[in-house]
Amino acid sequence: LAVALLSQLGEKPPEEGERFEDAFLEAAFSYIKSNCWRHSLTADKIAAAIGCSRAHLYRLFASRCQSVATCVRDIRLQRARKLLETESAPIGTIALDSGYGDQSAFGKAFKRRFGMSPSDYRASIGWNPPLDLSVQSPGPK
């Protein structure tokens, strides 16, 4: 099932000599990357998608000295950082689009990971919000 999921997601299936566990782990990474925007992404859903038990999924990540939750958080934060660089959406929208249910939790996680708030990050890369070019009436005289 893991090999089938890799093929479906456009990823290269493992070569003959690669460990079977590596196929599961790669399938898990691919699934997380493709679904990190979902607020409901859980270890149970990842395990079901790649065809293994939740316990097996935890063991796979532990063998790489990482947890499932840490992997999901890191992938979500990388996505958020990319969106902050390329999208003009408000930070709250980017938080939601990156799988965070609320902006406060997103801001705290982003600051822990990158050492600055999302708005400070945008400022540090020279990002400026788009100008509002709509014509405003001068009002009554």
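Observations
- 1.4 Å probe accessible area per residue over region 14-100, in Å²: 52
- The equivalent ellipsoid that matches the C-alpha gyration tensor of region 63-131 spans semi-axes of 23, 12, 10 angstrom, in descending order.
- In order along region 50-67, the phi-based Karplus estimate (6.51 cos²θ - 1.76 cosθ + 1.60, θ = phi - 60°) of 3J(HN,Hα) comes to 9, x, 9, 7, 4, 4, 5, 4, 4, 5, 4, 5, 5, 5, 9, 6, 9, 9 Hz; Gly and Pro are listed as x.
- Percent accessible area from carbon and sulfur atoms, region 19-118, protein chains only, probe 1.4 Å: 52
- Each of GLN78 and CYS65 was given a label point 7 Å from its Cα along the Cα-to-Cβ line. The distance between the two points is 1.8 nm.
- Cα convex hull of region 39-90 - mean projected area over all directions, nm²: 4.4
The values are calculated or read from the model by the stated rules, or taken from the named source; none is laboratory data. This is a predicted model, so every value here is computed, not measured. Using ideal geometry, Cβ is built from the backbone for each residue, glycine included, and neighbour counts are taken over all protein chains shown. SASA here: full protein model, heavy atoms, side chains in, ligands and nucleic acids out. Shrake-Rupley method; radii C 1.70, N 1.55, O 1.52, S 1.80 Å.
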